[in-house]
Amino acid sequence: MNRNEELFVRAQKTIPGGVNSPVRAFRSVGGTPRFITRGQGPYVWDAEGCRYIDYVGSWGPLILGHADPDVIAAVKSAAEKGLSFGAPTEAEIELAEWLCAHVPSLELVRLVSSGTEAVMSAIRLARGYTGRDLIIKFEGCYHGHADSLLVKAGSGLLTFGNPSSAGVPADLAKHTRVLDYNDAEGVRRVFAACGHEIACVIVEPVAGNMNLVAPAPGFLATLREECTKHGALLIFDEVMTGFRVAFGSAQGLYGVTPDLSTFGKVIGGGMPLGAFGGRRDIMEKIAPLGPVYQAGTLSGNPLSVAAGLATLRKIASPGFFERLSAQTQTLVEGLTQLAQRQGIPFCAQSIGGMFGLYFAERPPTTYAEVMACDKQAFNRFFHAMLARGVYFAPSAFEAGFVSAAHGAAEIEATLAAAEAVFANWRP
Ligand code: KE4
């Protein structure tokens, strides 16, 4: 056994599945997860000392690359003053002011410690503000592991949602309806039938948890229109897309204003941080101002806030997103050309600094089309690239991420590895 295998055997003795988050276990792609010992810029190293060009980036947060010197310095400086106080700090005000200044829909914002916590709180807030129980989500969208969101589609558009996880009470899941992503007509039908019962619609404005699926023209606008018409709240879950698809996040990119937004990942720069916020009249329902309770021992943690502020201030620099988007586009166009030159049904697309890879003739626009992509082919591609020092997300149903630290050398090395893989491709 090599070191990764040894560590995986040892890890499984005390940690469920040997991992602290399921996707890390490589169960979707098979094989042994790489135990990472360090990261630097666009690279990570595993327990065998193998170096990889990293396109996971901790699932999105590491937009500057690993161990960015300014972020590390900010965290070190904060740590020397103490790790946590359970009391307000000026840095939390600075981060809240920064977020409200750069996300026009944010009038008030509350910091939490994860994307799940941000979404869970936003859902409770939407229910508390509207006095309604019913929430709408979309098949293939993931919003963290709060009970109300671990729900899959019922038998029909108007039927109750069913739990997608053991331990979620059917009595709770029935308050969640699961619709098809990009099905604007289906949204209009549900609102026509029970719009007066709907507390909120929550959506990934660019889906990144069923691989990357872009919003169809008009889809987000339809959600906005229907929510406004029926007094439901529109929640953009920007945990992944926030400051990733564009500096203005997805709401800025597509010009649709949600009532509430959730953030995570990039805003914490790799440290535990999430946030939810939006219209003042809604956010003022949150304790201690209003009746919707929400709390957290480590909310607004000084080290997370330091990492977040250092990250956000750097990505605000002129040209940052133009460069990041161009780099990501070079990657996806290069991969597509190399595969199609070999007649392999493969395509890829990117939006800002996130991308999707598909073994299919064209990028999927619906959950069903994602499911029709060749998962086995992806898994073979994943391992062939891993063996050549390129670490993509270990699942055909995840998006990938480029950082500012990925230079021309890394993109070229990735394309060279892919050229070799595609040249020896066995369908
Ligand atoms: P966390 O609780 O994992 O910080 O955030 C949950 C979450 C909420 N909303 C969206 C749109 C998300 O993508 C996520 C988390 N994303 C996954 C990646 N598919 C995190 C990776 C993992 O679960 O280990």
(request) Residues being in a helix (DSSP H, G or I) and more than 30 Å from N4 (Cα to Cα): count how many of those fall in segment 338-393. (result) 9
(request) Within segment 131-170, track down each residue that is of a type outside the set (F, W, Y), in contact (Cβ under 8 Å) with a residue 60 or more places away in the chain and assigned to a strand (DSSP E or B). (result) L134, I135, I136, K137
(message) The conditions are (1) within 16 Å of the ligand (Cβ to nearest atom); (2) touching a Ser or Thr at 6+ places or on another chain (Cβ under 8 Å); (3) hydroxyl-bearing (S, T, Y), and S105 fails exactly one of them. Which is it?
(response) (1)
(message) Against the definition (in contact with a helix residue (DSSP H, G or I) (Cβ under 8 Å, 6 or more places away or on another chain), away from the ligand (no atom under 16 Å from the Cβ) and open to solvent by 40 Å² or more (accessible area, probe 1.4 Å)), how does D147 come out, yes or no?
(response) no
(request) For segment 255-271, state whether one or more residues are closer than 30 Å to S325 by Cα, of a type in the set (V, I, T), open to solvent by 10 Å² or more (accessible area, probe 1.4 Å) and touching a Leu at 6+ places or on another chain (Cβ under 9 Å). (result) yes
(message) Out of E412, E398, I need the residue that is acidic (D, E) and closer than 18 Å to W59 by Cα. Which one?
(response) E398
(message) Based on this model, can you work out whether A409 counts as over 20 Å from the mean Cα position of the chain (by Cα), outside any helix (DSSP H, G or I), of a type in the set (A, V, I, L, M) and surrounded by fewer than 21 Cβ atoms within 10 Å (Cβ to Cβ)?
(response) no
(request) Go through segment 114-140 residue by residue and tally those that are within 13 Å of the ligand (Cβ to nearest atom) and either buried (at least 21 other Cβ atoms within 10 Å of the Cβ) or among the aliphatic types (A, V, I, L, M) (or both). (result) 11
(request) Only residues in segment 290-301 that are in a loop (DSSP other than H, G, I, E, B) count as the first member; pair them with residues that are at pLDDT below 95 and open to solvent by 40 Å² or more (accessible area, probe 1.4 Å), Cβ under 9 angstrom, at least 6 apart or cross-chain, and list the lot. (result) none
(request) Find the residue count for segment 1-33, including only residues that are away from the ligand (no atom under 16 Å from the Cβ), outside any loop (DSSP other than H, G, I, E, B) and open to solvent by less than 50 Å² (accessible area, probe 1.4 Å). (result) 3
(message) Please determine whether any residue of segment 235-245 is open to solvent by 10 Å² or more (accessible area, probe 1.4 Å) and more than 12 Å from the ligand (Cβ to nearest atom).
(response) no
(request) Among the residues of segment 60-74, write down those that are surrounded by 21 or more Cβ atoms within 10 Å (Cβ to Cβ) and either part of a helix (DSSP H, G or I) or in contact with a Lys or Arg (Cβ under 7 Å, 6 or more places away or on another chain) (or both). (result) G60, P61, I63, L64, V71, A74
(request) For residues that are of a type in the set (D, E, K, R) and surrounded by fewer than 21 Cβ atoms within 10 Å (Cβ to Cβ), scanning just segment 207-234, find the one that is nearest to the ligand (Cβ to nearest atom). (result) R224
(request) Test K314 against the stated conditions and say whether it is surrounded by 17 or more Cβ atoms within 10 Å (Cβ to Cβ) and of a type in the set (D, E, K, R). (result) no
(message) Condition check: of a type in the set (S, T, Y) and either outside the structural domain of R388 (by TED's automatic domain parsing) or within 16 Å of the ligand (Cβ to nearest atom) (or both). Does Y43 satisfy that?
(response) no
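The values are calculated or read from the model by the stated rules, or taken from the named source; none is laboratory data. The shown structure was predicted, so the numbers you read here are calculated from the model rather than taken from an experiment. Virtual Cβ from ideal backbone geometry, glycine too; neighbours counted across all protein chains shown. For accessibility, only protein heavy atoms count, side chains too; no ligands or nucleic acids. Shrake-Rupley method; radii C 1.70, N 1.55, O 1.52, S 1.80 Å.
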